[in-house]
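J.: Mind looking over this structure? Questions follow.
Just so it is clear, none of the values below were taken in a lab; they were calculated from the coordinates. Worth saying up front: this structure is predicted, and the values here are computed from it rather than measured. Note: ideal-geometry Cβ built from the backbone for every residue, glycine included; neighbour counts use all protein chains shown.
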Amino acid sequence: MGDNAASPARGSMVRVQIDGDNIEPEASEEFVLTPYVEALTQRAMAYLEAGYPVHFAGQAGTGKTTLAFHVAAKLGRPVSLIHGDDEFGSSDLVGRDAGYRKYRLIDNFIHSVLKTEEEVKTLWVDNRLTTACENGYTLIYDEFTRSRPEANNALLSILSEKILNLPKLRRTGEGYLEVHPHFRAIFTSNPEEYAGVHKTQDALMDRLITIRLGHFDRDTEVRITMAKSGVTEAAAQTIVDIVRALRDVGVKNQRPTIRASIAIARILASNGARPRSNDPVFQWVCQDVLASIETAKVTRAGASLMPQRVQEVIEKICGSPRTRRNATGRSARQANGENTCGHVFGASPERG
């Protein structure tokens, strides 16, 4: 297969082997497989094996792309990956005329007779949707609603009649391509209120089976944070609890997401810091990562109240620095299952 380059899929824990224009997803040992993820995978696989396309819809940071690659890896077929783009037209999915080839023959066998033949042929190049349909690959169309609805019209006949309508310019000349029986399609999308997202035509949505994703449960978020950063379980629990407590504070979104937990944990690990209220690194990391969330609540001067809210949550979960300095019997509390910030494992309510 030539030289392959291994790389992660958009920060996920599904390894991909890139071979030319195709992707070979592989399950990674670091992939976090919890009951929540297993249940979503089983549902998606049931639909795909029955021949239906799957659509993972949800807020940013809910693992749509990672889950799409994980499911594609279980299908065991090469992947054609397309990212939605507002500039797309149908040709960006199906293919286009990429130039021409000119053939000229000069026959001067008889010196007194000059015979010239000239032929010009267009050069057609298939794009990834056509390649996937022809070879039975798995199509991952990431954030497909960022493409204009008319650009996706070619998908309608593919998903219902299993036929791709092709321009006659294609090199083999046929006007239709029968979709390979192993072809499968996985779509992902963000909500319509996100910037740059188009409303999809009903005809396409009617052909998809949509699985709506929310934020991971607490256990999954803790395990992902640990796996992506290397922090201890106690530290990951503290970070995740802070992030979950601040969720839904933002305007028209559900930030902070699991990405915030991973960022905080990685920075703490790289700086040798710990999630404690009296750790200065922990304080400024939380403020920089979390306090930038846009909130409708502001002070009289128009400043955001988010930094204050972040500090309140840190002190609520970790305890204030004064409380920590005056605390006694720390060893006894740790023996009862308290984490580095002093709250009991599993005692904090589920949030978000």
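J.: At 0.36 nm per residue, and after removing the present C-alpha to C-alpha distance, how many nm does the segment from Tyr194 to Thr210 gain when stretched out fully?
T.: Using 0.36 nm per residue and subtracting the Cα-Cα distance, I get 3.9 nm.
J.: Need one number: nm distance between label points at Lys316 and Ala269, each 7 Å from Cα along Cα→Cβ, rounded to one decimal.
T.: Roughly 2.8 nm, to one decimal.
J.: Here's a follow-up. For Asn153 and Asp92 in one chain, what is 0.36 nm times their gap in residues minus the Cα-Cα distance, to one decimal in nm?
T.: The span from Asn153 to Asp92 would gain 20.8 nm if fully extended.
J.: So if R0 is 30 Å, what FRET efficiency would Arg43 and His182 give, r being the distance between their Cβ atoms, rounded to the nearest 0.05?
T.: Efficiency at R0 = 30 Å is approximately 0.90.
J.: Order by neighbour count: His83, His198, fewest other Cβ atoms within 10 Å first, most last.
T.: With the sparsest Cβ surroundings first, the list reads His83, His198.
J.: To continue, here is another question. So how do 225-233, 176-184 stack up, highest first, on mean other-Cβ count within 10 Å?
T.: Order by mean packing, descending: 225-233, 176-184.
J.: Right, something else. Using mean Cβ contacts within 10 Å as the protection proxy, how do 132-142, 44-54 order, highest first?
T.: 132-142, 44-54
J.: For Ile211, what residues show an amide H to amide H distance below 5 Å, using hydrogens built from the backbone and excluding near sequence neighbours?
T.: Amide H to amide H, under 5 Å and 5 or more residues apart or across chains, Ile211 pairs with His55, Phe56, Ala57.
J.: Quick one: if the Förster radius is 41 Å, what FRET efficiency do Ala50 and Asp288 give, using the C-beta to C-beta distance and rounding to 0.05?
T.: 0.30
J.: Now a separate question. When 1/r is averaged over all different Cα pairs and the result inverted, which Kirkwood radius in Å belongs to the range 181-233?
T.: About 14.7 Å, per the Kirkwood formula over Cα pairs.
J.: Would you please give the residues with an amide H less than 5 Å from that of Ile163, counting only those at least 5 places away or on a separate chain, with H modeled from the backbone geometry?
T.: It is Ile158, Val179, by chain and number.
J.: Please list, ordered by chain and number, the residues whose modelled amide H lies under 5 Å from the amide H of Asn127; skip anything fewer than 5 residues away on the same chain.
T.: Result for Asn127 returns Gly95, Arg96.
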